[in-house]
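Q: Pasting in a structure now, in structure tokens, and then I'll have a few things to ask.
The values are calculated or read from the model by the stated rules, or taken from the named source; none is laboratory data. None of the values given here were measured: they were computed from a predicted structure. Here the Cβ is made from the backbone with ideal geometry for all residues, glycine too, and neighbour counts use every protein chain on show.
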């Protein structure tokens, strides 16, 4: 077909503004697009051709093929619209949902046509149905399509105005520019539950304020709202922020988890590529999903049982991850720069308002996840180090206050080692700060001190980590770190404490490191037996009965084993040794079963080193497990005796771990549940 005839002239879209959604679904042209796709011999090849053409078409033709693909997504069955004909691994043949998301991304800021507006209205309704019925990994392509949809389509749905455009012959009248304040006053329909984030962003009138406080409280809230409105200013930014919040609040649990994972991955990629505009965009998107801080006391009071979905969200800890993500993102940008701050609006004003509203009712230290909120407050006010550390220091317990000396080394968010460490010949200050973050709360610390040892530079960090939350500091860029207590190097180029030539304090009399010397471990076990017998109160040590059986290097079984009719004392000691450390043990107790005499040994072996006892002369040995020594009248172990119905025999008269029928019925799973290895 000649190129000039390949694209037909555009056809006018349905012209009645009162047309129903069913008119669009039953429109002959849309039905023809779907019918041609279904009748094609290879739908995957059609998708591949459309995907290749989309990369090279101009905006007008790109919007026309978007109508074709949108009709497939809106009118095909859900399963057929989301599944590629060649599987998920073949990216050259995407599914209709993935192809439409790709085309909408390529659209950029091009104005959508009347046909595309009507088709995308049908797609938006399909997305609403999918959100309720499709969950898990199958929802991932639909979530990506939701992100690529034009925001005007969602505004039409929220205001209950079907996106049925007028005729193409009459140009659309541009709406008058709305006042920024008016766009904040709009709220969603009453039947949709809206979280705290949306209410703060859109409620302005005084009758919308919460009635939990007195008149003074309402005055504070009113001033906060008016302050926020004056700071927002940009209507487009406010609408984008509201759209991000609505997308998160309307998503189910699985969709929110996927969105959060995607945000974290996109932030890492944006920081790696130094795309700071994308970092600001991701911060705004994450801040829109934040919920207001809550009082601790409110959770401690008796209340009605939480719904299952609320418990699921609480367990997932999504809000904590969001706060950590926001703090991490804000740590990469300079809020003192006016241009950066303007790009982050209205997210900055929104987060400040959340904090101020809570502080009108009480101290921020009394909120749930107070450390994260204090950290966020410090970043927003430009005092991320000093104010946050001061609040955290005030909340430390008396035991933590004893570590005040370690807090001095991190004063002001800059690590400064003690004078003794600075005098170390291998420690020097490079003058170039390395950014460290707490692995738990995200507090930043900068260190320019390095330890130069054997040609390897390692940045110094406090050995106790972040004392407020008791977690370690990690490097943002992956630079190797070393704790500031492992710096004492001897003339033999080894740590002084483990140097054999210098006789370090970790070296034993056998010229080995104490924690690796088997002789020292055996001696320590013997000494612990003496201390246990003389000074330890009864019941303090769990292994006391085990130590008694090998006291003095002679094996003596427990009373229950001695009462066994098949166990007796021959009076002739058999020499045993530990196969790991060589400690000796003598045993004269035997187990006589079926005419075979076997010397008894401790079931747990040598407790000090974990080795097992072996015979020097090759005499057969038998462990003193009570279950192994319990012999039934049929001369078999009672637990495995079929006639006695032992504990290891199933209903099929077989051993449970050998019975295929029991395995198929989930015997192993039931056994783990009975032993409490996981909760039901």
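Q: Give the residues of region 639-658 that are in contact with a strand residue (DSSP E or B) (Cβ under 8 Å, 6 or more places away or on another chain) and either more than 17 Å from residue 591 (Cβ to Cβ) or without any contact (Cβ under 8 Å) to a residue 12 or more places away in the chain (or both), sorted by residue number.
A: Result: 641, 642, 646, 648, 649, 655, 656.
Every residue, every condition in (1) outside any loop (DSSP other than H, G, I, E, B); (2) in the same structural domain as residue 361 (by TED's automatic domain parsing); (3) surrounded by fewer than 16 Cβ atoms within 10 Å (Cβ to Cβ); (4) at pLDDT 80 or above, yes or no:
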residue	(1), (2), (3), (4)
259	yes, yes, no, yes
265	yes, yes, yes, yes
268	yes, yes, yes, yes
271	yes, yes, no, yes
284	yes, yes, no, yes
312	yes, yes, yes, no
315	yes, yes, yes, no
323	yes, yes, no, yes
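Q: A further question on this structure: Which fully enclosed strands (runs of 3 or more DSSP E) of region 428-479 have 3 or more residues being closer than 22 Å to residue 267 by Cβ?
A: So the answer is 444-453, 473-475.
Q: Could you check, for region 330-347, whether at least one of its residues is assigned to a helix (DSSP H, G or I) and closer than 21 Å to residue 476 by Cα?
A: The answer is yes, given that some residue of region 330-347 is assigned to a helix (DSSP H, G or I) and closer than 21 Å to residue 476 by Cα.
Q: For region 11-41, give me each residue that is over 20 Å from residue 74 (Cα atoms) and either modelled with pLDDT of 60 or more or surrounded by 15 or more Cβ atoms within 10 Å (Cβ to Cβ) (or both).
A: 41
Q: When you scan region 618-638, how many residues do you find that are farther than 14 Å from residue 560 by Cβ, free of Cβ contacts under 8 Å to residues at least 40 places away in the same chain and in contact with a strand residue (DSSP E or B) (Cβ under 8 Å, 6 or more places away or on another chain)?
A: Count: 5.
Q: Continuing with this model, one more query. Keeping to region 588-606, report how many residues are under 55 Å from the mean Cα position of the chain (by Cα), assigned to a strand (DSSP E or B) and crowded, with 16+ Cβ neighbours inside 10 Å. Explain how you work it out, then say what you get.
A: First pass over region 588-606, keeping only residues under 55 Å from the mean Cα position of the chain (by Cα): 591, 598-606.
Next cut, assigned to a strand (DSSP E or B) only: 591, 598-601.
Next cut, crowded, with 16+ Cβ neighbours inside 10 Å only: 591, 599-601.
Adding up the residues that qualify gives 4.
Q: Here is a list of conditions, (1) part of a helix (DSSP H, G or I); (2) modelled with pLDDT of 90 or more, and residue 399 meets all of them except one; can you say which number that is?
A: (2)
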